[in-house]
1. Is at least one residue of the range 71-88 of a type outside the set (V, I, T), in the same structural domain as N294 (by TED's automatic domain parsing), over 24 Å from S223 (Cα atoms) and touching a helix residue (DSSP H, G or I) at 6+ places or on another chain (Cβ under 7 Å)?
2. I want to confirm something. Restricting to the range 190-213 and keeping residues that are part of a loop (DSSP other than H, G, I, E, B) and modelled with pLDDT of 95 or more, which single residue is farthest from L133 (Cα to Cα)?
3. Show the residue pairs that are 6+ apart or on different chains and have beta-carbon atoms under 8 Å apart, the first residue being within the range 144-155 and in contact (Cβ under 8 Å) with a residue 60 or more places away in the chain and within 11 Å of the ligand (Cβ to nearest atom), the second being outside any loop (DSSP other than H, G, I, E, B) and of a type in the set (S, T, Y).
4. Give G234, G292, G253 a once-over and let me know the one that is in the same structural domain as Y118 (by TED's automatic domain parsing), loosely packed, with under 14 Cβ neighbours inside 10 Å and small (G, A, S).
5. Output yes when any residue across the range 49-64 is free of Cβ contacts under 8 Å to residues at least 24 places away in the same chain, closer than 19 Å to E141 by Cβ and of a type outside the set (K, R), and no when none is.
6. For the range 235-274, give me each residue that is away from the ligand (no atom under 16 Å from the Cβ) and of a type in the set (S, T, N, Q).
7. Among the listed residues L156, L203, which satisfies the condition of being out of contact with any strand residue (DSSP E or B) (no Cβ under 7 Å at 6 or more places or on another chain) and crowded, with 16+ Cβ neighbours inside 10 Å?
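The values are calculated or read from the model by the stated rules, or taken from the named source; none is laboratory data. These figures come from a predicted structure and were not determined experimentally. Note that we place each Cβ from the backbone using ideal geometry, even for glycine, and neighbour counts take in every protein chain shown.
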Amino acid sequence: MKFTLRQLKVFAAVAKCSSYTRAAEELYLSQPAVSIQVKQLEEHVGMALFEQIGKKINLTPAGKEVQHYCHAIFQQINEMEDVLEAMQGLSSGRLDIAVASTINYFAPRLLAAFNRRYPNIDLTLEVTNRETLKKRLEANEKDIFLMGLLPEKLDLHAVPFMENPLVVIAPPDHPLTQERNIPLQRLAEETFLTREAGSGTRLSTERFFHEKNITLRTGMEMSRNAAIKQAVRGGMGLAVVSIHTIELEVETGRLLILDVEDFPILRTWHIVHLRGKRLSPAAQAFYDFVLGENMQQLIGSD
Ligand code: PGA
């Protein structure tokens, strides 16, 4: 074999990013260094691996083959590292977790508690919405995931670990705060602020109202729960959010939960990985920790 693992690593990054520049950023290399590695790999292979059409670079058929094998090679290398790590016990290790945006409201408390128990495990956390989590799961890019609504068509191992009720929020001076058991139909007269497409909160809310045959009037779309809360406080509309996101505002009376019939929408958070994935010892320790602890108590006690 004439080519090196390093060349494959650089190639895989360019293929993933479809860009030399972005791959260079990801690998902390200069762009020429990335181009040279790819060029050397192409020379060894004897075929072009990328073709440039305008500004876009695409994989050639040979490039697609190399990408396929790179994926398998790097997965094997990760597994080998995990097995070696296991032989050393949990005195060290790393854990790469991805969680749904909404979970970020309690993930730091959860990870801090885990870190107290396993101080030698290095943690990396990515916070993103459900759609991106689905892509990461498909590509088997993380050790473990925490998410709400599970993606369909993926063979997953998913276990619920905590409830995640969705509620309707309003500013304290909204007339509906005075009413009890508000009919769902009444909500059709209000404007609702929504999360971005790809959000699990948004999808669950849309499904709920669709099943009830109610069309909500939607206002501004925002990709952050924090922005939605501010906009609701500012009187721009109502919103459906996870109860975990409004702990502080409800405590201080800055936002109120409306008493709406058939609410809350009952959902659960899941701990997830691809079925058949071999968990590293660090990931197994995290999995056991999440399912073994009383989460409500753990995240409630700051
Ligand atoms: P999200 O939460 O709305 O932050 O994507 C995920 C979910 O509730 O499924």
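1. No, there is no match, as no residue in the range 71-88 is of a type outside the set (V, I, T), in the same structural domain as N294 (by TED's automatic domain parsing), over 24 Å from S223 (Cα atoms) and touching a helix residue (DSSP H, G or I) at 6+ places or on another chain (Cβ under 7 Å).
2. So, considering only residues that are part of a loop (DSSP other than H, G, I, E, B) and modelled with pLDDT of 95 or more, the one farthest from L133 (Cα to Cα) is E190.
3. Short answer, once both residue conditions are applied: G148/T102; G148/T201; G148/S204; G148/S242; G148/T268; L149/S204.
4. Details: G234 fails: in the same structural domain as Y118 (by TED's automatic domain parsing); G253 fails: in the same structural domain as Y118 (by TED's automatic domain parsing).
G292 is the lone residue from the list that is in the same structural domain as Y118 (by TED's automatic domain parsing), loosely packed, with under 14 Cβ neighbours inside 10 Å and small (G, A, S).
5. no
6. Within the range 235-274, just T252 meets the criteria.
7. L203
Results for (1) within 26 Å of L256 (Cβ to Cβ); (2) aromatic (F, W, Y); (3) within 16 Å of the ligand (Cβ to nearest atom); (4) not in a strand (DSSP E or B), shown as yes or no for each residue.
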position	(1), (2), (3), (4)
D82	no, no, no, yes
I97	no, no, yes, no
L110	no, no, yes, yes
R116	no, no, no, yes
V127	no, no, yes, no
T132	no, no, yes, yes
